[in-house]
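Only one structure is covered here, and it is reproduced in the block below.
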Amino acid sequence: MKKELAKTYDPKGIEDRLYQKWLDGGYFHAEVNPDKKPFTIVMPPPNITGQLHMGHALDNTMQDILIRWKRMQGYETLWQPGTDHAAISTEVKVIKHLAAQGIEKEKIGREEFLKHCWDWRKEYGSRIVNQLYKLGSSADWARERFTMDEGCSEAVQETFIRLHEKGLIYKGNRIINWCPVCKTSISDAEVEHVDQNGFFWHINYPVVGEPGRFVEIATTRPETMLGDTAVAVNPEDERYADIVGKTLELPLTGRTIPVIADEYVDREFGTGCVKITPAHDPNDFEVGKRHDLEEINIMNDDGTMNGLCGKYAGLDRYEARKQIVADLDALGLLVKVVPHTHAVGTHDRCGTTVEPMVKPQWFVAMKELAKPAIEAVKNGDLTFVPERFDKIYLHWLENIRDWCISRQLWWGHRIPAYACSNCGKITVARTMPEKCPHCGGEHLVQDPDTLDTWFSSALWPFSTLGWPEKTPELEYFYPTDVLVTGYDIIFFWVIRMVFSGYEHTGKCPFHHVLIHGLVRDSQGRKMSKSLGNGIDPLEVIDKYGADALRLTLMTGNAPGNDMRFYWEQVEASRNFANKIWNASRFIMMNLPEGEIREPEKYELKPADRWILSRINTVTREVTENLEHYELGMAVQKIHDFLWDEFCDWYIEIAKFRFLLADETAKNAALWTLRTVLSKGLKLLHPYMPFVTEEIYTTLNPEEETIMTSAWPVYEEQWNFKDSEIQMEIFRSMVKGIRNIRSEMNVPTARKTEIFVVPKDDHGKWVFENILKTMQGFERMVFAREFKIMDDKSEVPEDSVTVTLANAVLYIPLNELVDRKKEIERLRNEHEKILKEIARAAGMLKNANFLRKAPESKVYEERMKLARYQAVQAQLLEQLKKYE
RNA sequence: GGACGAUUAGCUCAACGGGAGAGCAUUCGCUUCACGUGUGAAGGGUUACAGGUUCGAAUCCUGCAUCGUCCACCA
């Protein structure tokens, strides 16, 4: 039973139906299969708070393309999906959600709050997954994981304990980045430096015992002076040499502080004297450690001044700044205020200015862990595509500081550490110890903190496969093959997965990292909620289909580069889907009920051989592009081949044979159409899964799906260079005729005679061959009659000419021939060809070129020159006719 | 202060050592029996700039300019 396709491709309905079919068919599912080679990608787990945005769409389209391609190549292909608990994001959202109902986190307590979080996860965790369905993602949903599910949580705990045992996780009083709004510590990676316009306040600190003598310091944060415990100068600085060791009066506090000398101070900057606040500045903290200074914490967790600040206690840090400045001014100690722009650390999630604070936190010691991760890139075990991201990765790792992993949040993996309320010592253990191993005390309390959300993501490539158990999946699918992600999370995620992989599994978790850029709006701005310029991928899918969206995201997109989103481009992609749809529809309309016989090679016409040869080459090139992760390049070639060569040329040529009684010729055309279409659909399938599946299964009703059909391979037996050359001549003939008719404004309806005068016997053979084998081609050249002549004696005088390399075509256009216009046209062409000749001849005259250039290049230029010269001679002859 | 990227047709981008390409836009045609979400033709570029290497450079090197991104403790 022959199925018919609708006149235009309408993705609605088709996409959902096909996706359901794929799910039901279990095609996305991968199993350990010793007979096949595995190919694995882990999906960057989207946040459970998230909504699908263009970044997800791009990221997942790229992964799906690789996965679908490898699946068709016969690999056991696992695309491991899952979601991330997104500690801080989720917690913030749940708090807001509860606040709307008048519920406060602190009031309901930890257990109750976590219940709400899990409810949230239940409600929204699957939302983004369903949105990924819409894209066509062929992930193995049966294996979907969650960073806080039982297995992943076990992996997290195990990791923590092992690292702790090795001494690589420690708890310490260090200066950390504190967010006064989120009220939690954050890691260095979460701090974004933003330029802010501020001031330099120059303040005089009086020298004790020397009335009238001051030390002038400059600071951008006067409020922190309440926590100053020294003033530092450079030891080499003669200006201040005599003051080192003296004591200063710290204004507004009644405290005194010493003047110390430290290399850290830059003599050239500011006044050359730096106030040292060890508890509120990372550098001062270091200086403080070197000089054994007291660390005075002057702030509360919410960024207000604490009880040590006297009259300023309770004021917000910025309010305190104002008053302190005013008070200093009143005391005559404010020397001057200078505008100053500087980079201020802000929390990347909420934009709050980070407050450095000294707090007891858990850290991962990074120095040793970073080593194998650095080595991996240096020895080629891990490569970035494009390569330039190597440097960014290495630079970060080579300058890495210890990773602060504890968070003062409730939603997340709780730190498996227990403090004894008797002796105060901490025990790290898998379960709460009954007795303190240090003092035998029975009152132990689990650390209230949870872990950085990236601590669990770092384990994702192996925790999802069952680690720490030695599961068959881990054995088979790990290490994974390629990781696809945006450059914006190299530090957060990629680096941490790499060192975690080496540390816990002894292997690099993947060998290639394919980096993509951001999808920006049409004006090049980042899509953001606050700007309201985001484009919802679901809206695009709804209007134009998932295939159109996917194609849009992949065309003209080079790895690592940002791209802009244009609706016009989506339209173009949709048009392409429709083009393929209609070409297929046309082919199917003409296919007979029964089988098509594979023609003998000699039954194939030059056009058949040409298109078969072309798709053979395209197959090879596309496969090579994919192997190099050149996804944009590959789809460009598929697109151009299918549209320009297959639709616009081959189908047009082949369709004439449908009308013939010559069954052999017709069969060859139909078989070729079907074969090339099938292969073309397969090449396109990873990019446009829906439309290709719909067509393919209609075309091949006996096949269940294109998804598991075999990826085409290059075969030498289908390489027909001779036919490619013949078709090249044919196409230049058709183009030449169309061109001239268009220039002369000849109506399509007007058919003419065309006289061909070949240059030589070979030329004659070529055109006789065209006449014999290209049935119906006269229509393509608007010919009433197509005659091959031995010489031009019988050609009507008033003909326009089309000059080819091996023949001249004469088109008698009678009254339409404007001699002046024709001369001008011929002259223009002659000029063009002279330029070409000059170029080629110039090269060939150059002795160095002949000596140094590869032989093939020289040969190529010789051939070109010969061809140009032939054309030029003929053009000259034409021109002579008019003179 | 460093590093990286971009600078190519009106717009958005490809090409990355051998004659500058695509999509969109523009102009002029086409109710050709798959597709007007189509089709034919045309116009449009000293590949930011200045040097250099090379037989040959958009492509490699050096410098410079503009824009962008990342990193960085200049208080």
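No lab work stands behind these numbers, since they all come straight from the coordinates. What you see is a predicted model, and the numbers here were worked out from it, not measured in a lab. Glycine also receives a Cβ, built like all others from the backbone with ideal geometry; neighbour counts cover every protein chain displayed.
Enumerate the residues in segment A:4-19 having an amide nitrogen under 19 Å from the point lying 7 Å beyond the Cα of residue A:589 toward its Cβ.
Within reach of a label on residue A:589, which here means backbone N under 19 Å from a point 7 Å along Cα→Cβ, segment A:4-19 contributes A:4-10.
What does the charge count near residue A:855 come to, summing +1 for each Lys or Arg and -1 for each Asp or Glu among other residues with Cβ under 13 Å from its Cβ?
Numbers: positive: A:851, A:852, A:857, A:862; negative: A:860, A:861.
Once positives and negatives cancel, what remains is +2.
Considering only DSSP beta bridges where both residues belong to chain A, give the percentage that are antiparallel (nearest 5). Walk me through the numbers on the way to the answer.
Details: 65 of 91 bridges.
Just about 70 percent of them are antiparallel.
Excluding residue A:556 itself, calculate the net charge of residues whose Cβ lies under 14 Å from the Cβ of residue A:556, where each Lys or Arg counts +1 and each Asp or Glu counts -1.
Values: positive: A:520, A:550, A:564, A:637; negative: A:562, A:568, A:630, A:640.
Here the charged neighbours net out to 0.
Would you tally the net charge around residue A:763, using a Cβ to Cβ cut-off of less than 13 Å, leaving residue A:763 out, and scoring K and R as +1, D and E as -1? Walk me through the intermediate numbers first.
Values: positive: A:759, A:764, A:867; negative: A:760, A:761, A:768, A:790, A:791.
It works out to a net charge of -2.
Can you tell me the relative contact order of segment A:383-522? Whole percent, Cα pairs under 8 Å, sequence separation 6 or more.
On the way: 200 pairs, mean separation 33.8, N = 140.
Averaging sequence separation for qualifying contacts and normalising by length gives 24 percent for segment A:383-522.
For residue A:754, list long-range residues whose amide hydrogen, built 1.01 Å from N in the peptide plane, is under 5 Å from its own amide hydrogen.
A:784, A:785, A:786, A:787
Ranked highest first by the average count of other Cβ atoms within 10 Å around their residues, in what order do A:708-719, A:550-561, A:31-42 fall?
Working: A:708-719: 13.8, A:550-561: 21.4, A:31-42: 16.9.
Top to bottom by mean Cβ count within 10 Å: A:550-561, A:31-42, A:708-719.
Can you give the charge dipole size of chain A about its Cα centre, rounded to the nearest 20 debye, using +1 on the beta carbon of Lys and Arg and -1 on the beta carbon of Asp and Glu?
On the way: 112 positive and 133 negative charges, 382 e Å.
In debye, rounded to 20, chain A gives about 1840.
Residue separation times 0.36 nm, minus the C-alpha to C-alpha distance between residue A:489 and residue A:290: what's the value?
Values: separation 199, 0.36 × 199 = 71.64 nm, distance 3.46 nm.
Result for the pair: 68.2 nm of gain on full extension.
In segment A:273-402, what is the count of Lys pairs whose alpha carbons are under 25 Å apart, counting only pairs at least 8 residues apart or on separate chains?
Count of close lysine pairs: 16.
With each label point set 7 Å from Cα along the Cα-Cβ vector, what nm distance links residue A:640 and residue A:439?
Using points 7 Å along Cα→Cβ, the separation is 7.7 nm.
Write out the cysteines belonging to chain A for which the nearest other cysteine Cβ is not under 4.7 Å, or none if no such cysteine exists.
A:117, A:152, A:273, A:309, A:350, A:404, A:508, A:647
Given R₀ = 56 Å, what would the calculated FRET efficiency be for residue A:528 paired with residue A:266, taking r from the Cβ atoms and rounding to 0.05?
Numbers: r = 37 Å, r/R0 = 0.66.
The calculated FRET efficiency here is 0.90.
Just grab the label-to-label distance for residue A:797 and residue A:221, each label 7 Å out from Cα along the Cβ direction, in nm (one decimal).
My value for the distance between the label points is 9.7 nm.
How would you order A:591-604, A:143-156 from highest to lowest mean count of nearby Cβ atoms within 10 Å?
Numbers: A:591-604: 11.6, A:143-156: 19.4.
So the order, starting with the most tightly packed, is A:143-156, A:591-604.
Taking 30 Å as R0, compute the FRET efficiency from the Cβ-Cβ separation of residue A:873 and residue A:853 and round it to 0.05. Before the final figure, lay out each step's value.
Working: r = 27 Å, r/R0 = 0.89.
Efficiency, rounded to the nearest 0.05: 0.65.
Give me, ordered by chain and number, the residues 5 or more places off residue A:354 or on other chains with an amide H under 5 Å from its own placed amide H.
Amide H neighbours of residue A:354: A:345, A:346, A:347.
If r is the Cβ-Cβ distance from residue A:745 to residue A:832 and R0 is 35 Å, what FRET efficiency results, to the nearest 0.05?
0.95
How do the peptides A:627-636, A:456-465 rank, highest first, by the average count of neighbouring beta carbon atoms within 10 Å per residue? Walk me through the numbers on the way to the answer.
Numbers: A:627-636: 19.2, A:456-465: 27.0.
Descending mean neighbour count gives A:456-465, A:627-636.
Please sort through the DSSP H helices of chain A and keep those with an alpha-carbon extent of at least 24 Å along the long axis and a Kyte-Doolittle average not below 0.0. Each step should come with its number before you reach the end.
Details: long enough: A:54-72 (27 Å, -0.42); A:105-135 (42 Å, -1.19); A:567-590 (35 Å, -0.53); A:606-627 (31 Å, -0.60); A:663-684 (31 Å, 0.23); A:721-743 (33 Å, -0.71); A:819-845 (37 Å, -1.11); A:855-882 (41 Å, -0.94).
Taking the DSSP H segments of chain A (at least 24 Å long, mean hydropathy at least 0.0), we get A:663-684.
Sorted from fewest to most neighbouring beta carbons within 10 Å, what does the list A:845, A:311 look like? Let's see the in-between values first.
Values: A:845 9, A:311 12.
Ranked by crowding around the Cβ, least crowded first: A:845, A:311.
Taking only Cα atoms of segment A:783-877, what ratio of Rg to Rh do you get with Rh as the Kirkwood inverse-distance radius?
1.11
Can you compute the helix-only [θ] at 222 nm over chain A? Use -39500 (n - 2.57) per DSSP H run of at least 4 residues, normalise by all residues, nearest 500 deg cm²/dmol.
On the way: 25 runs with 371 residues, N = 883.
After summing the helix terms and dividing by the residues of chain A, the value is -13500 deg cm²/dmol.
Along the Cα→Cβ direction, 7 angstrom out, place labels at residue A:318 and residue A:841. What is the inter-label distance in nm?
Result: 7.6 nm between the two label points.
Using 0.36 nm per residue, how much length does the chain from residue A:20 to residue A:431 gain when fully extended, once their Cα-Cα distance is taken away? Working shown, then result.
On the way: separation 411, 0.36 × 411 = 147.96 nm, distance 4.33 nm.
Additional length available on full extension: 143.6 nm.
What GluC sites (Glu not before Pro) does segment A:718-805 have in DSSP loop regions with at most 16 other beta carbons within 10 Å?
On the way: sites: A:724, A:728, A:743, A:753, A:768, A:778, A:785, A:794, A:797; in loops: A:797.
Within segment A:718-805, the qualifying GluC sites (Glu not before Pro) (loop, at most 16 other Cβ atoms within 10 Å) are A:797.
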